[in-house]
Amino acid sequence: MVSKDLPFTRENILKIMEKYPTPFHIYDEKAIRENARRMKSAFKDVPGFKEFFAVKALPNPFILKILKEEGFGADCSSLPELILAEKAGMSGDDIMFSSNDTPSDEFIKAKDLGGFINLDDITHISYLEEYAGLPEIVCFRYNPGPLKEGNAIIGKPEEAKYGFTREQLFEGYSILRDKGVKRFGLHTMVASNELNPDYFVETARILFELIVEISKELGIRFEFVNLGGGIGIPYRPEQEPVSLEAVAKGVKEAYDATIIANGLAPLKVYLECGRVITGPYGYLVSQVRHLKSTYKDYVGLDSCMANLMRPGMYGAYHHITVLGKEKKAPAHKYDVTGSLCENNDKFAIDRMLPEMEVGDILAIHDAGAHGHAMGFNYNGKLRSAELLLREDGSVVQIRRAETIEDYFATLDFEQLKGFR
Ligand SMILES: *Cc1c(COP(=O)(O)O)cnc(C)c1O
C-alpha cells in the first residue's frame with residue numbers, strides 16, 4: 001500500500017486558483033528534494049553513483065535546477081533538452097546524451113557542453129567523428145536482444161529499435177580503441193515503469209559481466225556503466241514502491257562479484273531515471289465543468305488528454321482525489337473525461353468516487369513525470385501552466401499556460417488574406 005495523500009488542501013488550491021486558473025500541474029518541491037536525497041542515500045555504497053534525471057519526463061528548467069542542487073545530472077535526448085540542461089546550469093559531467101536516430105547538430109551541442117555521449121548505433125561512430133569529432137569518452141547503448149526479457153511498456157528488447165547488438169559492442173569498442181579513444185562507458189535501458197527491484201539488479205549483473213568480457217578481450221578500461229532508467233512508481237494505491245535500498249544492495253553485490261573480483265574498479269555506476277524522481281510529486285489539478293448522465297455517468301473536466309495522456313494512451317491508472325471530499329464514501333461510479341473529440345480522452349473509467357458536483361476540484365495523482373511533458377495541441381487544446389509548491393508553502397509559476405496566440409504563432413493570417 002502506498003499513501004495517496006496530498007501536499008495541499010482544497011483551501012490552498014482555491015487560493016492558488018485566484019491567481020492561476022485550473023487546469024494546472026503543480027509539483028511538490030519538498031517531496032522532490034526529499035526523494036532525491038533518499039535515492040542518493042540508498043546508493044551511497046555504490047561506487048561513483050550518480051543519477052542523471054531523464055529530462056523528457058519533466059522538461060522544466062526550474063525542476064532541473066532543483067535536481068542539480070541535489071547533485072543530479074541530466075539525461076538529454078534532443079537539442080532542446082540539452083539547452084534546458086544548459087540553462088539550468090549543467091555542463092560536462094552533469095550531462096548524459098542518450099539519443100537515437102540522432103541529427104548531427106545534437107551531437108555537436110552535446111560535445112560542446114562536454115557531456116557524455118551515448119551512441120545508439122555502430123554507424124554513429126563515424127557519423128559522430130565526421131560532424132563533431134570523437135570526444136575523449138564514448139559510451140555505447142547495449143540491446144541485449146533475446147538475452148533479456150522485456151517488460152510491458154518498452155516491449156521485448158529484440159523488437160526494440162535501440163542499441164548495439166552484443167557483437168557490435170565488441171566491434172565498436174575496438175574501432176574506438178584503434179582510433180585512440182581511451183575512456184569508455186556502457187549503457188542499457190530495457191525497462192519502463194518496472195516495479196520489481198530484481199529486474200534492475202539482473203540488468204546490472206548483465207552489464208558488469210559484459211564489461212569484464214569486453215575489457216579482457218579488447219584490453220580497454222571502462223570508466224562508467226549507465227544502468228538506464230525505468231524504475232516504476234506505484235500508480236495504484238495497492239502497489240508498493242520499488243525499494244531503492246534493495247536495488248542498491250543487489251547492484252553492490254553484483255559489482256563486488258564481477259568488477260571488484262576482476263580488478264576492474266573503479267567503475268562508476270550511473271542511473272538515468274525520470275519517472276521515479278518526480279512522478280509521484282506532481283498533480284494535475286482540474287475542475288468539474290459538466291456532469292452528464294446517459295448510458296453512464298460522466299464527470300467532464302476543464303482539462304483533457306492534452307494535459308495528461310497516459311490514461312488515454314496506455315489505459316494507465318492515475319489515482320484521483322476529490323478535494324474536500326477525502327472522507328466521503330466513493331459510492332458512485334463515473335467516467336472522468338476531458339473535452340477532446342476522442343473517446344479515449346478519459347482520465348478514469350468506471351472509477352468509484354464520492355458524489356460529484358459541478359465545480360468540484362480534482363487532483364489527478366502521479367502526473368509529475370511524462371505528464372505535462374507529453375502534452376500536445378490536437379483539437380486546438382492548449383497546454384496548462386506548471387506551478388511549483390515551494391518548501392515554505394508559497395507557489396511560483398514555472399511555466400505559464402499556453403494561449404491562443406501561442407497556438408496560432410506558426411500561422412501567417414496576413415498571407416492567408418492574399419491567398420486564393
Ligand atoms: C525514457 C528514458 C529514460 C527515463 O525513463 P523513466 O521510465 O522515466 O525512468 C531514461 N533513458 C532513456 C534512454 C529513455 O528513453
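Among the residues making up segment 377-407, those that are of a type outside the set (D, E, K, R) and open to solvent by 80 Å² or more (accessible area, probe 1.4 Å) are Tyr378, Ile404, Tyr407. Filtering segment 43-83 to residues that are closer than 21 Å to His187 by Cα, part of a helix (DSSP H, G or I) and either open to solvent by less than 40 Å² (accessible area, probe 1.4 Å) or within 12 Å of the ligand (Cβ to nearest atom) (or both) leaves Val55, Lys56, Ala57, Glu81, Leu82.
For Ser303, state whether it is touching a Gly at 6+ places or on another chain (Cβ under 7 Å), within 24 Å of Ile13 (Cβ to Cβ), touching a residue at least 24 places away in the same chain (Cβ under 8 Å) and in the same structural domain as Ile364 (by TED's automatic domain parsing). Criteria met by Ser303.
Being more than 14 Å from Asp120 (Cα to Cα), in the same structural domain as Tyr270 (by TED's automatic domain parsing), in contact with a strand residue (DSSP E or B) (Cβ under 9 Å, 6 or more places away or on another chain) and open to solvent by less than 30 Å² (accessible area, probe 1.4 Å) is true of Leu227. Within segment 202-217, being away from the ligand (no atom under 16 Å from the Cβ), open to solvent by less than 30 Å² (accessible area, probe 1.4 Å) and aliphatic (A, V, I, L, M) holds for Leu210, Ile211, Val212, Ile214. Restricting attention to segment 185-215, the residues that are over 30 Å from Ile320 (Cβ atoms) and in contact (Cβ under 8 Å) with a residue 40 or more places away in the chain total 21. Among the residues of segment 340-373, which ones are assigned to a helix (DSSP H, G or I) and in contact with a helix residue (DSSP H, G or I) (Cβ under 7 Å, 6 or more places away or on another chain)? Matches in segment 340-373: Ala373 only.
Taking segment 154-172 as the range and being open to solvent by 40 Å² or more (accessible area, probe 1.4 Å) and either within 30 Å of Thr278 (Cα to Cα) or outside any helix (DSSP H, G or I) (or both) as the test, the residues that pass are Ile154, Lys156, Glu158, Glu159, Lys161, Tyr162, Thr165. The residue that is most open to solvent (accessible area, probe 1.4 Å), counting only those in segment 173-193 that are modelled with pLDDT under 95 and closer than 17 Å to Ile206 by Cα, is Met189.
Let's see how each residue does on (1) buried (at least 23 other Cβ atoms within 10 Å of the Cβ); (2) out of contact with any Phe, Trp or Tyr (no Cβ under 9 Å at 6 or more places or on another chain):
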residue	(1), (2)
Met356	no, no
Ile361	no, yes
Ala367	yes, no
His370	yes, yes
Met374	no, yes
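In the set (1) in contact with a Lys or Arg (Cβ under 7 Å, 6 or more places away or on another chain); (2) more than 25 Å from Asp120 (Cα to Cα), the condition left unmet by Met305 is number (1). Of all the residues in segment 375-412, those that are assigned to a loop (DSSP other than H, G, I, E, B), touching a residue at least 24 places away in the same chain (Cβ under 8 Å) and polar (S, T, N, Q) number 2.
Working only within segment 254-303, note down all residues that are assigned to a loop (DSSP other than H, G, I, E, B), away from the ligand (no atom under 16 Å from the Cβ) and within 19 Å of Val201 (Cβ to Cβ). Passing the criteria: Ala261, Asn262, Leu264, Ala265, Leu267.
Report, by residue number, each residue of segment 84-101 that is within 14 Å of the ligand (Cβ to nearest atom), open to solvent by 10 Å² or more (accessible area, probe 1.4 Å) and in a loop (DSSP other than H, G, I, E, B). Across segment 84-101, the qualifying residues are Asn100, Asp101.
Pairing residues of segment 1-22 that are in contact (Cβ under 8 Å) with a residue 24 or more places away in the chain with residues that are among the acidic types (Asp, Glu) and open to solvent by less than 100 Å² (accessible area, probe 1.4 Å), at Cβ distances under 7 Å and at least 6 apart in sequence or on separate chains, gives Pro7/Asp28; Thr22/Asp302.
Between Thr123, Thr188, the distinction of being more than 16 Å from the ligand (Cβ to nearest atom), of a type in the set (Ser, Thr, Tyr) and at negative phi belongs to Thr123 only.
Go through the residues of segment 381-398 one by one and say whether even a single one is more than 22 Å from Leu291 (Cβ to Cβ), within 16 Å of the ligand (Cβ to nearest atom) and in the same structural domain as Asn307 (by TED's automatic domain parsing). There is no residue in segment 381-398 that is more than 22 Å from Leu291 (Cβ to Cβ), within 16 Å of the ligand (Cβ to nearest atom) and in the same structural domain as Asn307 (by TED's automatic domain parsing). For Pro266, the conditions (1) more than 30 Å from Pro197 (Cα to Cα); (2) touching a residue at least 60 places away in the same chain (Cβ under 8 Å); (3) of a type outside the set (Ser, Thr, Tyr) all hold with the exception of (1).
Based on this model, can you work out whether Phe222 counts as in contact with a Leu (Cβ under 6 Å, 6 or more places away or on another chain), aromatic (Phe, Trp, Tyr) and more than 25 Å from Pro103 (Cβ to Cβ)? When the stated conditions are applied, Phe222 passes them.
The values are calculated or read from the model by the stated rules, or taken from the named source; none is laboratory data. All values derive from a computational prediction rather than experimental measurement. A quick note on method: Cβ atoms are made from the backbone with ideal geometry, for glycine too, and the neighbour counts reach across all protein chains shown. SASA here: full protein model, heavy atoms, side chains in, ligands and nucleic acids out. Shrake-Rupley method; radii C 1.70, N 1.55, O 1.52, S 1.80 Å.
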